[in-house]
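Every number in this text was worked out from the coordinates using simple rules, so none of it is lab data. Please read these numbers as outputs of a predicted model, since none were measured by experiment. All Cβ positions, even for glycine, are placed from backbone atoms using ideal geometry, and neighbour counts span all protein chains on display.
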Amino acid sequence: MEQTLIRKLVSADEEYLRDESKKVGNAESISFPETHEQVCEIMTELYKTGTPVTVQGSRTGLAAAAVPFGGHILNLSRMDKVLGMRSEDGRFYITVQPGVILQKLNKSIAARSFSMDAWDEESQETYKAFCRAGSLMFTPDPTESTASIGGMVACNASGARSYHYGATRGHIEALRGVLANGETISLSRGQIFAKGLELSLPTEQGSTINVKLPTYKMPECKNASGYYCHEDMDAIDLLIGSDGTLAILTEIEISLLPVPALTWGITCFFPTQSEAVAYTKLTKNISQGIAAIEYFDDCALDILRKQKAENTAFSGLPFLPKEYGCAVYTELHCDGEEQAYALLETLSGNCAQAGGNPDMTWVATSDSDRDVLHFFRHAVPESVNMQVERSKRNYPEITKVGGDLAVPDDSFETLMNLYDATLEKEGLQHAAWGHIGDNHIHVNILPRDMDEYSRGKALLAGWAAEVSRMGGAVSAEHGVGKLKAPFLEVMYGEDHIREMAALKATFDPKCMLGRGNLFAPQQEVER
Amino acid sequence: MKIFVCMKQVPAAATASIDPLTKTIVRTANNAVTNPFDLYALQTALDIRKQTGGSLTAITMGIPAAERVLRDAVSRGADGGVLLSDRAFAGADTLATSYALSLGIEKMGGSDLIVCGKMAVDGDTAQIGPELAQHLGIPHVSDVCEILEAAEDHLVVRRVWDEVEQELYLPLPALITVVKGQNLPQLATIPGMLRGRDVEIPLFTAEALNADTERCGLKGSPTQVVRTFTPPVRGQAKTIEGSETQQAEELAKVIKEVLYGAD
Amino acid sequence: MEQIKKGALWVFCEVQSGELLPVGMQLLGRAKTLAAESNRPLYAIVLGKIPEGAVKTLGAAGADEVICSDSPALADKLEQPYADSLIDLAQKFEPDILLVGATPFGRAFAPRVAAALGTGLTADCTELSIEAESGLLLQTRPAFGGNMMATIKTATHRPQMATVRPGVLPLPEPVETPLSEPIAIPYNNEAGLVRLLRETAISKGADISQSKIIVAAGRGIGQKKNLKLVQALADKLGGEVGASRPLVDMGFCPYSSQIGQTGYSVAPDLLICCGISGAVQHLAGIGGAKTVIAINTDPKAPIFSVADYKIVGDCVTVLENLLKLLG
């Protein structure tokens, strides 16, 4: 059969060789399938030659998982349909193709507006009930709202609100995927479990994959590093966070939760990091209503001040007085004003007790207020990216150098002190922000030349080793991809990496999928 | 100086939606917010008050729940709020609304300066400000984007209309409407929020305002909505075909039509 | 003054920098049909100094008479004096319908007129018609940011007033007209209280977010030198050049021209996208564009899903041909 879906890569396709990590790869061919069947067709064809396949969503990833490693680019951005919905026990579930963009999905859910022409009767009926139900939401909220749902599942993405709602994993109800050989697997939560560390997965074509799960213990903190596994686990969880190395997801069923009656965002400013950490500790003691706790260090605020002054596109950023050293953003999800005001008073006390000034706070209670804060939050990584992009013009090899490390509660202050001490010693430009409530800060180094770039990378490797020793995760939410593959070995050790490689081989014996992700390529070959 | 800011409660933009089953606008208590333009008006008034001193009062006409936008204004720095609420006010168009507001401001002893947002995002009329000024018999300047000078008895303001920029001297009392401009609405602080929660908001009914009920609400509204409908959705793109030259010719025609109207 | 009949259909025709704005003629064109349907005379109203030849132009656009009112108080086009003089005219001659172009000035002063006359005003209409059974003016306008359309009438108050969006009605084909002189009505009021201190024409486009016309380039433009074509077309149309993020990342274009989620959001009347594939991040920034023309080699490029007109082809060739044509 002639394969018309696969075409040669041409120079206009250059953008598909890179993603937000700024790493550039190479490939010979590319395809833009629109249906599950087309993905099967493409894979059946490529399987004959064992061509490496890199799956892409909207290429917003930061770990280079979507950067091709030779061979074929399977770009799923045109699989962007919402396929249907169902409800069960009062909860609603929506099935989407992997290329659906988070932002668009959120808009559709909020406006209750979908293209439903191809929906089956059950979906159409469910839609009527959905319209009458209270407002619903898909909670995972990575900062990059143009992420694709497929990409989010592949790296088990999380965001600010994961503090309360957990990462993407907890909101995925069913998956359908295509294996390297073109066969299909379908998994629903609660349907297939491992027996101990043995897992048997049937394909729709009737074959069975017998999986031996790795024996490591996952860290007790937010984690998106390597395969998710534990004894008696639900099979669906193995595919979530597998970084495009086991199967190509073609249908994803997500679950929705009610939108809280009130969402308020409170930003408190502190003179230094230690007051911010103290405020966070106090605030983590609040048992209900806190959806997110986020941090922005003094360097991040400085970058924003500079952007606001120099770049009119950033003039909408709120004014940041000099004495506002660093910031902690707390999001409240409440069922009414009484609860919200009570929490506000508690936070005011926490702020004062930690050494902040309640007069130096921002409270966002409406969508337009939150837009301002969202813009503020998004402007930080965006500005960092712009700076990396500038350095890259002079030194094309430069990529983003950013940490995605998380540790258990008791090690967090040690980690923050380690960041401080080592950064000061190296004298590198940097900025830090992120999910302080989850002990998970993104420290980004802003290299201006190759020397700074390599020193920054060395620093990151050193931190990864320390974090592994503390029982933490080398990637808490971005996924391992290609950039962090070396750290994974530091975290889990050579033997466990070999177990992971063996697991991959049972799904993908020709080692075609997501080559270079999770493992350095030779590890896959050695297995 | 005695400053009033007119505010309106509108459905939140993100959730403002047409009910897919009934085809009406979904308005619920939880997705009602302060009209975003009014926040720029409030910030302009706050900036003026900083220079001239005086009092700043937010005023709105609406259902009792619209009190929330006044509390919001106080949270962001206004001194107080006044709510005009009565069944007789329901269904008002811009004429009846501006009439009620004019009575409310007179009831409060009149004003030196009234600041309105350019328009409300739900109605898009931009008429309340000018109509209110006419009712009160004071001058107004629409679409102000910057306050160049603020004194006890006058303002100097700047506005930009298409390709013209104007600087205007405005003796007080007067009214201005402000566009989303250079001032950035500041967010509330925690202590501000608590002030907004605790402030007393006086409520005036039509009777308290001595309003002519023939000029209020639906009865006092000359305009009537005959019907509402959803606009046709943007259809598929029209393909411009033909040879390269034909394409260019057709394209030139399309551009001309778009820019200068069909001929 | 006898020749001014009461119950007429009036169109306020705005003058800017000594020239009639086209919206006045667009309104007359439509009003002519409405006037004929409802058997009313059609008057064009010009306030302030009437430009030379304006009477002829307005007559050719369909006006039965041109009424003008000038005085030193109307030297500067400001809300209060213009409203006062129109109120004065309307009170004297009692029009049945009064239409005003929804220009910034029209929308700023017409509400004062409506409030003074105690009548309704429908803002920013996009369509006008006459209700057959009643002869009333039906005014249709978008509401709720365009999510909904509403048809509105003013049944019991006069005049029936509406401001009408410029550019939505076609310019009428000029007709023979006997008109050469306006009917001048004196206006004796004092000047308003607001004083115009300074008025300057501004060069547009310091900021692409405000541009009315944008020609935007994406990766499909190929080489940097081809951007000259984009610039040339933008210059020709009096617009600005925009760029997708890849061009900015590559250093082809300055950040100030970047359109999209991480650049500027734009809302031009016309957006011409040359070689832009339409990544969601880009599309997020062009939602406000009124008319989108997209040129791309890939027939499945997502940009076409938001376009009003599409050309499947190489944008460089299309631009070259178009520029030749535009001379």
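Quick notes on this one:
- Separation between Cα centres of the stretch A:13-79 and the stretch A:383-436, rounded to whole Å: 29 Å
- Rounded if a/c under 1.5, otherwise prolate or oblate - the stretch A:370-489, Cα gyration tensor axes: oblate
- Residue-wise HN-Hα coupling along the stretch A:474-484, computed from phi with Karplus coefficients 6.51, -1.76, 1.60 (Hz; x: Gly, Pro): 6, 9, 8, 8, 7, x, 8, x, 8, 5, 9
- Residue order, fewest to most beta carbons within 10 Å, for B:TRP161, A:TRP463: B:TRP161, A:TRP463
- Classified by the C-alpha gyration tensor, the stretch C:51-111 has a rounded form. Its axis ratio a/c, with a ≥ b ≥ c, is below 1.5.
- Degrees between helix A:337-354 axis and first principal axis of chain A (Cα, 0 to 90, nearest 10): 70 degrees
- Taking a straight Cα-Cα cut-off under 27 Å and skipping sequence neighbours fewer than 8 places away in the same chain, the lysines within cross-link reach of A:LYS212 are A:LYS48, A:LYS195, A:LYS222, A:LYS482, A:LYS484, A:LYS504, A:LYS510.
- The stretch A:7-75: C-alpha gyration tensor shape, a/c 1.5 cut-off, then a/b vs b/c: prolate
- Per DSSP, loop trypsin sites (Lys or Arg not before Pro) in the stretch A:300-346 with at most 12 further Cβ within 10 Å: A:LYS322
- Net charge, A:LEU136 excluded, C-beta distance under 10 Å - Lys, Arg +1, Asp, Glu -1: +2
- Histogram of C-alpha separations across the stretch B:2-215, 5 Å bin width, %: 1, 7, 15, 20, 21, 16, 11, 6, 2, 0, 0
- When cysteine pairs in chain C are screened for C-beta atoms closer than 4.7 angstrom, the residues that find no partner are C:CYS13, C:CYS68, C:CYS125, C:CYS253, C:CYS273.
- Of B:LYS253/C:LYS290; A:LYS22/A:LYS217; A:LYS22/A:LYS457; B:LYS256/C:LYS290, those spanning more than 25 Å from alpha-carbon to alpha-carbon: A:LYS22/A:LYS217
- The longest stretch of chain A left intact once loop-based GluC sites (Glu not before Pro) with at most 14 other Cβ atoms within 10 Å are removed from consideration, loops following DSSP, is A:29-203.
- If you take all other residues with their beta carbon under 13 Å from the beta carbon of B:PRO191, and give Lys and Arg +1 and Asp and Glu -1, the sum is 0.
- Within straight-line cross-link reach of C:LYS56, lysines at Cα separation under 24 Å, skipping those fewer than 8 residues along the same chain: C:LYS5, C:LYS6, C:LYS32, C:LYS77
- Selected from C:PRO95, C:PRO104, C:PRO246 as most flexible by GNM, with chain C as the system and alpha-carbon contacts under 10 Å: C:PRO246
- Across chain A, C-alpha contacts under 8 Å between residues 6 or more apart give a mean separation that, scaled by the residue count, equals a relative contact order of 18 percent.
- A straight Cα-to-Cα reach below 14 Å connects A:LYS308 with the aspartates and glutamates A:GLU382, residues fewer than 8 places away in its own chain not being considered.
- The share of Cα pairs per 20 Å bin across the protein assembly as shown, counted from zero up to the longest distance, runs 11, 38, 35, 14, 2, 0 percent.
- When you restrict to C-alpha pairs under 8 Å that are six or more residues apart and normalise by the size of the stretch A:262-380, the relative contact order lands at 47 percent.
- Annotation for the stretch B:169-218: GluC sites (Glu not before Pro) lying in DSSP loop with at most 16 further Cβ atoms inside 10 Å of their Cβ are B:GLU200, B:GLU207.
- Between the helical axis of C:315-326 and the longest alpha-carbon principal axis of chain C there is an angle of about 40 degrees.
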